[in-house]
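For reference, the structure discussed in these notes is given below.
Every number here is computed from the coordinates shown, using simple stated rules; none is lab data. Given the structure is predicted, the values throughout are model-derived calculations rather than measurements. We place every Cβ from the backbone using ideal geometry, glycine too, and count neighbours over all the protein chains shown.
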Amino acid sequence: MKLTRKDILGIQDFSVAEIELVLDTAESFIEVSTREIKKVPTLRGKTVINLFYEASTRTRTSFEIAGKRLSADTINISASTSSMVKGETLIDTAKNLEAMNPDIVVVRHSAAGAPHLLAGLLKQSIINAGDGAHEHPTQALLDMMTIRAKKGRIAGLNVAIIGDISHSRVARSNIYGLTKMGARVSVAGPATMIPRGVETLGVAAYTRIDDAIRGADIVMMLRIQTEREKNNIFPSLREYANHFSLNSRNITLAREDALIMHPGPMNRGVEISPDIADGPRSIILDQVTNGVAVRMALLYLLTGGDE
Amino acid sequence: MVQQKVVMDAEGIDRSLTRIAFEILEKNKGVEDLFLVGIRTGGVYLADRLRAKIAATEGKAVPVGILDITLYRDDLSTSHRKPRLGKTDIPASLDGKRVVLVDDVLFTGRTIRAAMDALIDFGRPRLIQLAVLIDRGHRELPIRADFVGKNLPSSLWEAVSVHLTEKGGTDQVIIEETN
């Protein structure tokens, strides 16, 4: 089994075998980050460009560290410091970057499909680091890796995803991935945040958090995008917190050994109470650690000689 | 028809490993600071067997590590196929240790070159020695083994494979013609 695709655009078109290959490879990469010398020569002479049109700390740093631990040269470009502020189009920026011969371009963009557009135009491998409300494949892969490492399996687990499902690329990629891997996924959020027809993706949808987390093995909380408060999708953060925050009360509905996840950044006291976020069942920081390993695995699997 | 020949059977392998275990002890004057490192995958099982033999002789446990050399290969940027990455597990620092690398077949020497680069990333060993069950020749790098089970002159068109019970099968070394 090998990864034959040129780009990593979404989990929707990933096969189970491909997901397993990435997770297995990532598990082997965990060890590199525990060494005193956290670097291997594997991608010496390769160049990875992180092209970020949206704010990011975790994902961009994670990709940068992943590249550096593999000895690749990593270059970060963020919208605020790029020629985009001078009015250059995404395509022109990308064509110019291509002319400098990188090997992989990691793209985050607020427009769904932006990485797909570049994948068709550039000969380099494109990795989607989040496109609009569409997909965030590397987040889903690191989430699945974390679940598998902690629970020993994914198939048969009950996973509850709570929050703004409509606008969440994390939720979408995880729904694709987790259902493919045989988990039972339920989602919950205010009715305005549950996309119509979400059941067709193979998930159970609820408008009460209690219904979704009852019997859950994994509770995955999503960040409430506070900027959406203005759009009247929900009345107020306080109102949201009252109905959809994970706290020491409703967590008792989940299984006793249930684990808590969050893709970050967290709004403490809004979607998750601090005692839960920092509690013994939280595996939020394991997610971050595994994120580096997953990205190392993808960079490793995507680079290579010509056929 | 593929020509197959068994060049070493279970007893032969066992005797060779017994001798290598004694040679390791003799050359290193005991087990002090000794550290065995098996190269994935065949070398891991052989390192384990050597550990057992050394423990039976000296009554002392020698640490054993596992090394996957994939990330240090010199053909990663030229070959399209990505080798499946296995786990590396070096349970302690190699600083000041007498490291014995263990592999099943010594061929071009490129694996051993990669393994030595990898080991240095885990500390500064006092010395590195090499133990192999089979040396089939055709070196492409200036590398030689300190402990050899059997020298097996072979042509480049032959494949040498070490079968071990740990991998599922019986203990034997087979040489076969490939076209």
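Yes or no: B:Leu101 under 25 Å from A:Leu70 (Cα atoms), surrounded by 14 or more Cβ atoms within 10 Å (Cβ to Cβ) and more than 14 Å from chain A (Cβ to nearest Cβ)?
Taking the combined requirement at face value, the residue satisfies it.
Report those helices (runs of 4 or more DSSP H) wholly inside region A:232-305 carrying at least 2 residues which are of a type in the set (D, E, K, R) and either under 17 Å from A:Val170 (Cβ atoms) or touching a strand residue (DSSP E or B) at 6+ places or on another chain (Cβ under 8 Å) (or both).
A:284-302
Out of the residues in region A:5-56 that are more than 21 Å from the chain's Cα centre (by Cα) and among the acidic types (Asp, Glu), state the one that is farthest from the other protein chains (Cβ to nearest Cβ).
That would be A:Glu36.
Can you give me the number of residues within region A:181-204 that are in contact (Cβ under 8 Å) with a residue 40 or more places away in the chain and either of a type in the set (S, T, N, Q) or outside any loop (DSSP other than H, G, I, E, B) (or both)?
3
Against the conditions (1) more than 16 Å from the chain's Cα centre (by Cα); (2) of a type in the set (A, V, I, L, M); (3) surrounded by 22 or more Cβ atoms within 10 Å (Cβ to Cβ); (4) away from every other protein chain (no Cβ under 14 Å), where does B:Ala55 fall short? Just the number, please.
(3)
Please count how many residues of region A:242-269 are surrounded by fewer than 20 Cβ atoms within 10 Å (Cβ to Cβ) and under 12 Å from A:Ile162 (Cα atoms).
Total meeting the criteria: 1.
Scan region A:41-49 and give yes if some residue there is charged (D, E, K, R) and surrounded by fewer than 20 Cβ atoms within 10 Å (Cβ to Cβ), otherwise no.
The answer is yes, given that some residue of region A:41-49 is charged (D, E, K, R) and surrounded by fewer than 20 Cβ atoms within 10 Å (Cβ to Cβ).
Could you check region B:81-177 for strands (runs of 3 or more DSSP E) lying wholly inside it with 1 or more residues that are farther than 22 Å from B:Asp9 by Cα?
B:98-106, B:127-135
Of the residues that sit in region A:144-156 and are touching a helix residue (DSSP H, G or I) at 6+ places or on another chain (Cβ under 6 Å) and within 30 Å of A:Asn242 (Cα to Cα), which one is surrounded by the fewest Cβ atoms within 10 Å (Cβ to Cβ)?
So, considering only residues that are touching a helix residue (DSSP H, G or I) at 6+ places or on another chain (Cβ under 6 Å) and within 30 Å of A:Asn242 (Cα to Cα), the one surrounded by the fewest Cβ atoms within 10 Å (Cβ to Cβ) is A:Thr146.
Quick one: would you say A:Thr42 is touching a residue at least 40 places away in the same chain (Cβ under 8 Å) and either under 23 Å from A:Met145 (Cα atoms) or of a type in the set (Lys, Arg) (or both)?
Spelling it out, A:Thr42 is indeed touching a residue at least 40 places away in the same chain (Cβ under 8 Å) and either under 23 Å from A:Met145 (Cα atoms) or of a type in the set (Lys, Arg) (or both).
Mind telling me which of the residues B:Pro91, B:Pro63 ends up being within 14 Å of chain A (Cβ to nearest Cβ), surrounded by fewer than 22 Cβ atoms within 10 Å (Cβ to Cβ) and either under 19 Å from the mean Cα position of the chain (by Cα) or closer than 19 Å to B:His163 by Cβ (or both)?
B:Pro91
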